[in-house]
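Down below is the structure, laid out as structure tokens.
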Amino acid sequence: MRQEIADVAVQDVNHVLYLLDNSGKILWQKQLNSKILGKINQVDLYKNGRLQLAFTTSDTFYILDRNGNEVAPFPIKFNDDVTQPLAVFDYDNNKNYRFVITQGSNLLMYNSNASIVNGFKYTSAKSEIVFPPKHIRIGTKDYIAVQQENGTLKILDRTGDDRVKVETKFNFSSFPVAQAHSGFQLIDQQGVQYQIDQKGKVTKNDKNLTDGFAVAQLNNTQAIIDNNRLIVNNKENELDFGLYSGLSIQEAGKSKYITLLDETAKRVFVFDTKGGLLPNFPVYGNSAPDLGYLKRNTNLGFVVKGESDSVLIYRIN
């Protein structure tokens, strides 16, 4: 929930999902059968500004309303395990959603009525899919990126046909392919950066990264953490030594922010897109932050885990 965090959704170790308001009051709670995969998505199925929560567990695809009620005809239960977080596509930003479920090497695409989208042909890959399929829009063209365990990168059109044929095989890291300028970009396990243009041409650049690096990419903004080096669009900033995790680039309004956690010192950092640390940071926190507006378009803030049984909500002045 990136643009607005007037409500906060959290799940405890017993798989109970809670919705809190930004004062910490519990609005409702719902017992789930297992852990939520990845992040919860906000959708507007009825196109009226009232948002719902969409997510998957290991065997169920849920959509809940703001009161915690299941939105018919959801949920959908599966016999086979769901192996990746839910992917939500809104091709034309008109709220005609496509929901993609990953089960090993198989894909299921649903519409907002919980019906299978029969026009999407790519339902089975040759090896296990290692990230949720990703929708990328470049100009007026839509691309769906699917990364497989065997190193294959498929770049498809809306129907599931090949849009860009990529012959190179990759040793995928734990960071998915992303849009970069007018093409695509990924960094493999050895820290080699690959640029892929819209015709499938691949160029590479060894960035000399060490083991344990992390990368985040949002449109044309890239951030890399490598030991205590924070590299933002090739500009390097040196941080105090620490154990850094949870690197992400998050949007609020027209601005982007780079967020980071130092696990050892339990400190949360928020940087601007030039790598400058925002005033009054770092602050205490025990998880990567989820940043957005505490109220619509006002009071920028973020949510972070405190102690094992607490959630903290900060306002950024």
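The values are calculated or read from the model by the stated rules, or taken from the named source; none is laboratory data. The shown structure was predicted, so the numbers you read here are calculated from the model rather than taken from an experiment. Backbone-built Cβ (ideal geometry, glycine too); neighbour counts: all protein chains shown. SASA here: full protein model, heavy atoms, side chains in, ligands and nucleic acids out. Shrake-Rupley method; radii C 1.70, N 1.55, O 1.52, S 1.80 Å.
If you take the residues of the range 59-80 that are in contact with an Asp or Glu (Cβ under 9 Å, 6 or more places away or on another chain) and in a loop (DSSP other than H, G, I, E, B), which of them is nearest to Asn41 (Cα to Cα)? This residue is Arg66. If only residues of the range 181-201 that are small (Gly, Ala, Ser) and part of a loop (DSSP other than H, G, I, E, B) are counted, the one that is most open to solvent (accessible area, probe 1.4 Å) is Ser182. For the range 37-58, a residue qualifies if it is aliphatic (A, V, I, L, M) and assigned to a strand (DSSP E or B), and the qualifying residues are Val43, Leu53, Ala54. One residue stands out in the range 19-36 among those that are assigned to a strand (DSSP E or B) and touching a residue at least 12 places away in the same chain (Cβ under 8 Å): the one that is nearest to Lys295 (Cα to Cα), namely Asp21. Put simply, of Lys266, Lys305 the only residue that is closer than 23 Å to Asp21 by Cα and in contact with a strand residue (DSSP E or B) (Cβ under 7 Å, 6 or more places away or on another chain) is Lys305. Take the residues in the range 260-274 that are of a type in the set (Asp, Glu) and within 18 Å of Ile249 (Cβ to Cβ); name whichever of them is most open to solvent (accessible area, probe 1.4 Å). That would be Asp272. Note on the range 72-108: among residues that are closer than 25 Å to Ile138 by Cβ and among the charged types (D, E, K, R), the one that is surrounded by the most Cβ atoms within 10 Å (Cβ to Cβ) is Arg98. Condition first: under 18 Å from Phe281 (Cα atoms) and without any contact (Cβ under 8 Å) to a residue 40 or more places away in the chain. Now tell me which residues in the range 232-246 satisfy that. Asn237, Glu238, Leu239, Asp240, Phe241, Gly242, Leu243, Tyr244, listed by residue number. Residues that are farther than 30 Å from Lys165 by Cβ number at least 2 in the following strands (runs of 3 or more DSSP E) confined to the range 202-315: 221-226, 229-232, 235-238, 244-252, 255-262, 267-271, 290-295, 298-305, 311-315. Would you mind stating whether Asp21 is exposed (fewer than 14 other Cβ atoms within 10 Å of the Cβ), closer than 22 Å to Gln147 by Cα and either in contact with an Asp or Glu (Cβ under 7 Å, 6 or more places away or on another chain) or not acidic (Asp, Glu) (or both)? Taking the combined requirement at face value, the residue does not satisfy it.
Summed over the range 123-138, the residues that are open to solvent by 30 Å² or more (accessible area, probe 1.4 Å) and within 17 Å of Asp157 (Cα to Cα) give a count of 6. So is Ser23 modelled with pLDDT under 90 and either among the basic types (Lys, Arg) or farther than 24 Å from Ile249 by Cβ (or both) or not? The answer is yes for Ser23. Can you tell me which condition Tyr46 does not meet? The list is (1) more than 29 Å from Gln148 (Cα to Cα); (2) surrounded by 13 or more Cβ atoms within 10 Å (Cβ to Cβ); (3) touching a residue at least 40 places away in the same chain (Cβ under 8 Å), and all the others hold. Looking at each condition in turn, Tyr46 falls short on (3).
Tell me, yes or no, whether the range 241-259 has at least one residue that is at pLDDT 95 or above and surrounded by fewer than 14 Cβ atoms within 10 Å (Cβ to Cβ). Among the residues of the range 241-259, at least one is at pLDDT 95 or above and surrounded by fewer than 14 Cβ atoms within 10 Å (Cβ to Cβ), which makes the answer yes.
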